[in-house]
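Read the structure below first, then the notes.
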Amino acid sequence: VQLQASGGGLVHPGGSLRLSCAASGSIGNINAMEWYRQAPGKQRELVASITSRGSTDYADSVKGRFTVSRDNAKRTVYLQINSLKPEDTAVYYCKWNIGFLTPTDYWGQGTQVTVSS
């Protein structure tokens, strides 16, 4: 399984971006799809997740601004980011947990989001 993240870029405060994370390869049972971010000098943090049943969860810092969704047919998970703030600047990573008997985490390569005026 390979995950390809895309959609990052440089945006002004208040702007929006939609990140995508597309999977290729043989995919079994998908348990959860998650988005993390890591700002310079900080630990990687979980910002959004969506389960196989479509349940979503968000970090308090992004609630109301970030929306995670998925397209099963395209094998893609999205992260819509609105009302961007400078503190949202980070490398955003996707992670999928796949497998029934032996769940395994797969990471995408990351996409840079920079919020600056």
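The values are calculated or read from the model by the stated rules, or taken from the named source; none is laboratory data. Note that the structure is a prediction, hence the values are computed from the model and not measured. Because the Cβ atoms are built from the backbone with ideal geometry, glycine has one as well, and the counts that use them run over all protein chains shown. Areas reflect the complete protein model, heavy atoms only, side chains present, ligands, DNA and RNA absent. Shrake-Rupley method; radii C 1.70, N 1.55, O 1.52, S 1.80 Å.
Quick notes on this one:
- Rounded percent of accessible protein surface that carbon and sulfur make up, the chain, 1.4 Å probe: 47
- ³J(HN,Hα) computed for each position of segment 89-101 - Karplus, 6.51 cos²θ - 1.76 cosθ + 1.60, integer Hz, glycine/proline x: 4, 4, 8, 9, 10, 9, 9, 10, 9, 10, x, 9, 6
- With Cα atoms as the point set, the chain shows a radius of gyration and Dmax of 13.7, 48 Å.
- What the phi angles of segment 21-27 give under the Karplus curve with 6.51, -1.76 and 1.60, with θ = phi - 60°, is a coupling list of 9, 9, 9, 10, x, 7, 10 Hz, glycine and proline written as x.
- Given 10 as the ceiling on other Cβ atoms within 10 Å, longest exposed-site-free region of the chain for trypsin sites (Lys or Arg not before Pro) in DSSP loops: 54-117
- Averaged over its residues, the chain has an accessible area of 54 Å² per residue, based on protein heavy atoms and a 1.4 Å probe.
- Dipole check for segment 45-114: with +1 at the C-beta of Lys and Arg, -1 at the C-beta of Asp and Glu, and the Cα centre as origin, the magnitude is about 280 Debye.
- The Rg/Rh ratio for segment 45-109, using Cα coordinates for both the radius of gyration and the Kirkwood hydrodynamic radius, is 0.98.
- Protection proxy ranking, peptides 86-94, 101-109, average beta carbon neighbours within 10 Å, highest first: 86-94, 101-109
- Residue 43/residue 104 FRET efficiency (R0 25 Å; Cβ-Cβ; nearest 0.05): 0.65
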